[in-house]
Amino acid sequence: MLVAHPDLHTRLNALAAHGADLDVRVAALGAWPGHPYWPDPLTTSDPAWALPADPAGDLLDLLDQATPIDTPAHVNPDAVPAQRPDTDPAERSAPAPAGPADVVGAARDEAVKVDPAPTDTADSPPQAAPALDEDAPSAPASDAAPGEASHPSSPSVVGTGGVRLVLLGARPHLRREDRTVYQGRLALEIAGYLAVHRRPATAATLIAALLPDVDPDRAKDQIYQAIRRLRDALRQAGADQALLSDRNGYRLTDTVSADLWDVEHALTAADHAPDDPGRITGLRAATGLYSGRLLEGCEWATAHATDLEHRVTDATADLADLIADHDPTAAASVLDHALGLFPYTESLYAHLMRLHAAAGHPADVHRVYRRLLSRLADLGATPSADTDTLLARLTRTPRTP
């Protein structure tokens, strides 16, 4: 689409005339002398059309909301308006433009504006809502995310690039090799949503899931700005094709790896393994890669996080059972590791108590039970009657004949 500026009329006429033979149509935003407006009650075969300012602006707004498009490489792919006429309160309260030319110019600028460095305030929610992305667009690299123990990154099972999306345990972040390169909260929550669902999501879908209580206009701007920041971070880390979009929405590609995908891949491999050694390999990978709860603090992810926890605890118990006969010490270590991640899961304590009893270590059975007592006391709870009965049975002294 082109703006029918008077200086361009001659060129546009030539383009419309010759382009029609190649099935190329020209639509101008604004007046174009000698050509009909649309909508126009008269039928015409003229190859060129001129759209009045209001319909042109409505069309651009509709396209902007309905069809996010990947931009060619020579244009900034994250160019989103820093201020939109339908979202900026200041513009809604401003006087109307003086004339059609001003309206058309604004519509044109809105359609092609490139904003290389919008301010962080665009991601800040209204006063009544909590801030969801308070980080600067380019967070300084560090050796580990806040609250995360320093350790080598886990091997990737899924993903082909060197950039890793960490969604388990510590605060979500992007990692390049052993360095954290980005930690923006809302942007990483968007990445997490796409990683969990593994299908495209539109801006409207992301708003409904991630910002349901934020004013819709402001929420849309927050989503666009967070996506821009995420793309900037991915590009700087060397994964500029990791986040793509089309008419179906935004999607993640496997040019990044993700700890969530790795765990799910390993669990699936274990489920489909043809024999015990193959199943043990898959279970070891899954339990070793799981490093904590999925997207802690994200309400929409609660059900997904709980389901993954159950799958991993089941995998831990299965792995311990499979290796207990030939390596009881390793089996106990697997369960001990799991208790560090799931300290209030009583069934794991019971499983470890049975393993120590089978190995003839009653003192370790009591030790595990005391550990359970201490953990549940943090919650003001006590072990279940079944666990108490299990303790009594496993530590009962055999009667002498």
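The values are calculated or read from the model by the stated rules, or taken from the named source; none is laboratory data. None of the values given here were measured: they were computed from a predicted structure. Note that we place each Cβ from the backbone using ideal geometry, even for glycine, and neighbour counts take in every protein chain shown. Note: accessible area is taken over every heavy atom of the protein model, side chains too, but ligands, DNA and RNA are not part of it. Shrake-Rupley method; radii C 1.70, N 1.55, O 1.52, S 1.80 Å.
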**Complete:** So, over other residues within a Cβ distance under 14 Å of T306, counting Lys, Arg +1 and Asp, Glu -1, the net charge is -3
**Message:** I'd like the projected area of the stretch 232-336, averaged over all directions, using the convex hull of its alpha carbons. Report it in nm² with one decimal.
**Reply:** 9.0
**Asked** Is the stretch 310-401 rounded, prolate or oblate when judged by the Cα gyration tensor, a ≥ b ≥ c being the square roots of its eigenvalues, rounded requiring a/c under 1.5 and prolate requiring a/b larger than b/c?
**Response** oblate
**Message:** Can you give me the accessible area per residue for the stretch 305-387, using a 1.4 Å probe, in Å²?
**Reply:** 49
**Request:** Calculate the spin-label point distance for A330 paired with T253, positioning each point 7 Å from the Cα along the beta-carbon direction, and give it in nanometres.
**Result:** 4.0
**Message:** Given a 1.4 angstrom probe, I'd like the percentage of the accessible area of the stretch 276-401 that is carbon and sulfur, rounded to a whole number.
**Reply:** 52
